[in-house]
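Before any comments, here is the structure.
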Amino acid sequence: MTHDARQAALSVLNELDQRQQTLDSILEKMPALPPRDQRLFHALTYGVLRWQGRLDHIIGHFSRTGLSKISPPVLNILRLGLFQMIYLDRVPVSAAINTAVELARKSGAAWATGFVNGLLRNADRHLGQVSFPDPDKDPVLSLATAQSFPRWLVKRWIGRLGYGETEKLCRIINTIPPLTVRTNTLKVSRETLMASLDQAVQEIQPTRFSPEGLSFSSPAGAIPELDAFQKGWFQVQDEAAQMVAHMLDPRPGQRVLDACAGLGGKTGHIAQIMENRGEILATDHVAHKLSRMADEMARLGITIVKPHVHDLHRPLNENTVGTFDRILLDAPCSGLGVLRRNPDAKWSADKKNLQKYQARQVRFLSHLAPLLAPGGLLVYAVCTTEPEENGMVVRAFTDRHPDMAVETNPAGLPDAARPLLTGKGYLKTLPHTSGMDGFFSVCFRRKI
Ligand SMILES: C[S@@+](CC[C@H](N)C(=O)[O-])C[C@H]1O[C@@H](n2cnc3c(N)ncnc32)[C@H](O)[C@@H]1O
């Protein structure tokens with residue numbers, strides 16, 4: 001991978017076009033660039049993915065060749081150039097165009113150099129002439145184009161939330177999300193952590209709903225380089241995600257199953273609420289995630305977590321793993337509530353198939369229910385607010401498992417977060433109403 005920020009961003013965008021990996025998984029494998037290049041790389045990659053739909057509309061206005069006929073790498077070069085011209089004040093227009101032309105030259109297609117140069121110079125002179133679809137004539141197309149979202153998603157949101165709210169939601173998803181961390185209360189208090197981070201970050205403040213959270217902007221360096229991180233004083237976690245372990249209400253000394261533990265964001269939180277006493281079986285079907293999770297637990301000073309590779313398409317064997325007082329299913333989902341952090345997911349056609357996610361979630365819940373001790377609690381959480389993955393999963397699950405009842409007033413939830421509960425006991429967050437990621441969680445109690 002090159003050290004040049006623009007070339008690196010282009011490589012990542014081209015790799016995403018192969019549709020086999022997510023942005024997160026590509027970035028994980030990428031060596032870090034020098035800090036200044038890293039910031040520009042980040043701004044370019046995330047910015048282009050956020051604004052891709054709008055950028056394409058503008059490119060379409062100035063191109064005589066239809067977008068589908070432009071080769072994907074050249075289209076990405078145009079998007080990168082245009083993005084810098086429109087959204088990055090600190091990059092002079094001439095630099096945006098010249099570096100795009102240079103990328104085209106290096107791409108090997110001789111014709112592309114003149115095409116990129118001509119189109120971007122034309123766009124610079126006549127940007128004001130680009131018109132956008134009229135919201136009165138076609139609200140879906142208008143919002144989808146202006147705010148850069150796929151039409152199917154805007155149509156679904158306007159149908160459910162109305163035009164005005166959908167516009168607010170789209171606007172906030174296109175902003176850079178706050179950095180939020182959760183204090184590791186096994187090692188430090190939120191106040192001490194806040195004081196220790198004060199010099200290294202800007203605009204630091206305690207979170208409103210979570211008792212352990214802090215949000216801030218502009219850290220001086222990469223998060224893993226901060227002294228407080230190296231001491232294991234916090235984990236990076238959005239405030240909405242910080243609600244989930246509280247919904248589960250784990251107690252010291254209990255047996256807990258974290259069934260989709262991944263890299264251990266919720267596992268660490270559960271362990272700290274349990275005061276690092278008891279046992280957490282942390283399962284996932286990806287072994288290397290669990291080995292990173294184990295390193296993460298060591299950093300946090302947590303000793304009660306046992307990683308266990310398991311594919312939840314099969315039930316866990318009760319004779320081997322036993323029963324649990326608490327079970328968390330932080331389920332794989334469409335992720336449509338976290339598009340602000342994962343803008344590449346906007347453009348994944350796979351996300352349309354919500355029935356596929358729903359069927360998997362109901363199946364996983366059904367495999368976990370028999371492992372819950374009578375009177376025990378099971379939390380189902382997803383980072384999406386689409387009904388197919390929220391209430392419809394709850395109904396399908398409780399229809400099949402009449403012994404499981406929704407806790408309408410979960411005892412572990414902090415008082416400050418109670419206003420986020422619906423009358424049915426669902427905890428729902430949306431970025432445009434609370435500033436948090438779009439999350440859904442619900443707590444079931446086993447009656448017998
Ligand atoms: C939402 S993520 C979990 C995030 C994690 N709980 C956290 O807080 O950091 C969902 C997890 O489900 C896992 N997963 C997906 N399919 C699975 C399966 N068939 N069996 C077990 N785990 C699965 C994924 O590897 C992923 O880590």
By residue number, the members of the stretch 253-272 that are more than 7 Å from the ligand (Cβ to nearest atom) and either within 17 Å of the chain's Cα centre (by Cα) or of a type in the set (Lys, Arg) (or both) are 255
Here are 244, 256, 154: which of them is more than 23 Å from residue 354 (Cβ to Cβ) and either modelled with pLDDT under 95 or of a type in the set (Val, Ile, Thr) (or both)? 256
Residue hits (the stretch 274-304; free of Cβ contacts under 8 Å to residues at least 40 places away in the same chain, away from the ligand (no atom under 13 Å from the Cβ) and either crowded, with 21+ Cβ neighbours inside 10 Å or outside any helix (DSSP H, G or I) (or both)) are 274, 277, 278, 279, 303, 304
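Condition (residue is of a type in the set (A, V, I, L, M) and modelled with pLDDT under 95) applied to the stretch 7-14: is it met by at least one residue? Break it down stepwise before answering.
Keep residues of the stretch 7-14 that are of a type in the set (A, V, I, L, M), which gives 8-10, 12-13.
If we keep only those that are modelled with pLDDT under 95 as well, we get none.
Taking every residue of the stretch 7-14 in turn, none turns out to be of a type in the set (A, V, I, L, M) and modelled with pLDDT under 95.
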I'm trying to understand the selection: among the residues of the stretch 204-221, which are modelled with pLDDT under 95, part of a loop (DSSP other than H, G, I, E, B) and under 12 Å from residue 178 (Cβ atoms)? 218, 219
Filter result (touching a helix residue (DSSP H, G or I) at 6+ places or on another chain (Cβ under 9 Å) and charged (D, E, K, R)) within the stretch 30-86: 36, 37, 39, 50, 54, 56, 79
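Answer yes or no as to whether residue 356 is in a helix (DSSP H, G or I), at negative phi and within 16 Å of the chain's Cα centre (by Cα).
Details: in a helix (DSSP H, G or I): yes; at negative phi: yes; within 16 Å of the chain's Cα centre (by Cα): no.
Taking the combined requirement at face value, the residue does not satisfy it.
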Looking only at the stretch 60-90, which residues are in contact (Cβ under 8 Å) with a residue 60 or more places away in the chain, closer than 19 Å to residue 124 by Cβ and surrounded by fewer than 21 Cβ atoms within 10 Å (Cβ to Cβ)? 61, 62
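Within the stretch 168-195, can you find the residues that are assigned to a helix (DSSP H, G or I) and in contact (Cβ under 8 Å) with a residue 60 or more places away in the chain? Give the steps one after another, and end with the answer.
So the first thing to find is which residues in the stretch 168-195 are assigned to a helix (DSSP H, G or I), and the list is 168-173, 190-195.
Within the stretch 168-195, 168, 169, 171, 172, 173 qualify.
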Of the listed residues (402, 410, 315), the one being in a loop (DSSP other than H, G, I, E, B), touching a Gly at 6+ places or on another chain (Cβ under 9 Å) and not hydroxyl-bearing (Ser, Thr, Tyr) is 410
Pairs, please: C-beta under 7 Å, at least 6 apart or cross-chain, first residue in the same structural domain as residue 328 (by the TED database) and in the stretch 381-407, second among the acidic types (Asp, Glu) and within 16 Å of the ligand (Cβ to nearest atom)? 381/330; 382/389; 383/437
Quick check, is residue 43 in contact with a Ser or Thr (Cβ under 6 Å, 6 or more places away or on another chain) and in a helix (DSSP H, G or I)? no
Here the residues within the stretch 413-441 that are closer than 20 Å to residue 377 by Cα, of a type in the set (D, E, K, R) and not in a helix (DSSP H, G or I) are 424, 428
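Which residues, counting only those in the stretch 222-238, are in a loop (DSSP other than H, G, I, E, B) and surrounded by 13 or more Cβ atoms within 10 Å (Cβ to Cβ)?
We begin by selecting, within the stretch 222-238, every residue in a loop (DSSP other than H, G, I, E, B); these are 222, 226, 231-233, 237-238.
Once the filter is applied, which keeps residues that are in a loop (DSSP other than H, G, I, E, B) and surrounded by 13 or more Cβ atoms within 10 Å (Cβ to Cβ), the stretch 222-238 yields 226, 231, 232, 233, 237, 238.
Anything in the stretch 191-249 that is β-branched (Val, Ile, Thr) and within 16 Å of the ligand (Cβ to nearest atom)? List them, or say none. Can you show your working first?
From the stretch 191-249, those β-branched (Val, Ile, Thr) are 192, 201, 204, 207, 223, 236, 244; that's our starting set.
Matches in the stretch 191-249: 223, 236, 244.
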Among the residues of the stretch 192-221, which ones are of a type in the set (A, V, I, L, M), surrounded by fewer than 18 Cβ atoms within 10 Å (Cβ to Cβ) and under 19 Å from the mean Cα position of the chain (by Cα)? none
Take the stretch 343-359 and flag every residue that is surrounded by fewer than 16 Cβ atoms within 10 Å (Cβ to Cβ) and within 14 Å of residue 390 (Cβ to Cβ). 355
Of 100, 109, which residue is among the hydrophobic types (A, V, I, L, M, F, W, C) and in contact with a Lys or Arg (Cβ under 9 Å, 6 or more places away or on another chain)? 100
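Have a look at 210, 189 and point out the one that is in contact with a Pro (Cβ under 8 Å, 6 or more places away or on another chain) and under 26 Å from residue 419 (Cβ atoms).
Details: 189 fails: in contact with a Pro (Cβ under 8 Å, 6 or more places away or on another chain).
The conditions single out 210.
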Where a residue in the stretch 216-235 is closer than 12 Å to residue 298 by Cα and its partner, wherever it lies, is loosely packed, with under 12 Cβ neighbours inside 10 Å, with Cβ under 8 Å and at least six apart: 230/224
Spot the failing condition for residue 326; the list is (1) outside any strand (DSSP E or B); (2) away from the ligand (no atom under 12 Å from the Cβ); (3) touching a Gly at 6+ places or on another chain (Cβ under 7 Å); (4) not aliphatic (A, V, I, L, M), and only one is missed. (1)
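The values are calculated or read from the model by the stated rules, or taken from the named source; none is laboratory data. These numbers come from a predicted model, not from an experiment. Positions of Cβ are generated from backbone atoms using ideal geometry, with glycine treated the same way; all protein chains shown enter the neighbour counts.
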